[in-house]
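A.B. asks: I have a structure I would like to understand better, so I am pasting it below and will then ask my questions one at a time.
Please treat every number below as a calculation from the coordinates, not as lab data. A quick note: this is a predicted structure, and the numbers were derived from the prediction, not measured. Heads up, the Cβs are rebuilt from the backbone with ideal geometry, glycines too, and the neighbour counts pull from every protein chain shown.
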Amino acid sequence: MVRNPEKLSSRSGREFLKKYERINVAFSRARELLVIIGAQRAVNDITVQIPTVEDPNVSNTYEVYADIIAKIDFDHGFKTAKEIL
């Protein structure tokens, strides 16, 4: 999902990850199996502005990636590179 630079900053290529449309596309296209590979530390603190249904001009902020990782971990699907190798 992302590059894994030693130093993280908003200019390290993470801005595109803040677009909720990209998250929707990335996670909604799988038909049978979705495997996500990425650097947890690079996405865990990203907040995403998601417009409300009632008023698209009003947005709520969510830590979407942290929530996704927590759900995957809760379902025992989260694996580290060390566990896989």
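A.B. asks: Scan segment 36-48 and give yes if some residue there is among the acidic types (D, E), on the phi < 0 side of the Ramachandran plot and surrounded by 14 or more Cβ atoms within 10 Å (Cβ to Cβ), otherwise no.
C.D. replies: Within segment 36-48, none of the residues are among the acidic types (D, E), on the phi < 0 side of the Ramachandran plot and surrounded by 14 or more Cβ atoms within 10 Å (Cβ to Cβ).
A.B. asks: Return the pair list, or none, for Cβ contacts closer than 9 Å from residues in segment 22-34 that are under 17 Å from G77 (Cβ atoms) to residues that are assigned to a loop (DSSP other than H, G, I, E, B) and not polar (S, T, N, Q), at least 6 apart or on different chains.
C.D. replies: From residues that are under 17 Å from G77 (Cβ atoms), the pairs are A26/M1; A26/L34; A26/I36; F27/L34; F27/I36.
A.B. asks: Those residues that are in a loop (DSSP other than H, G, I, E, B) and among the small types (G, A, S), I need them from segment 17-44; list them, please.
C.D. replies: Within segment 17-44, A30, G38, A39 qualify.
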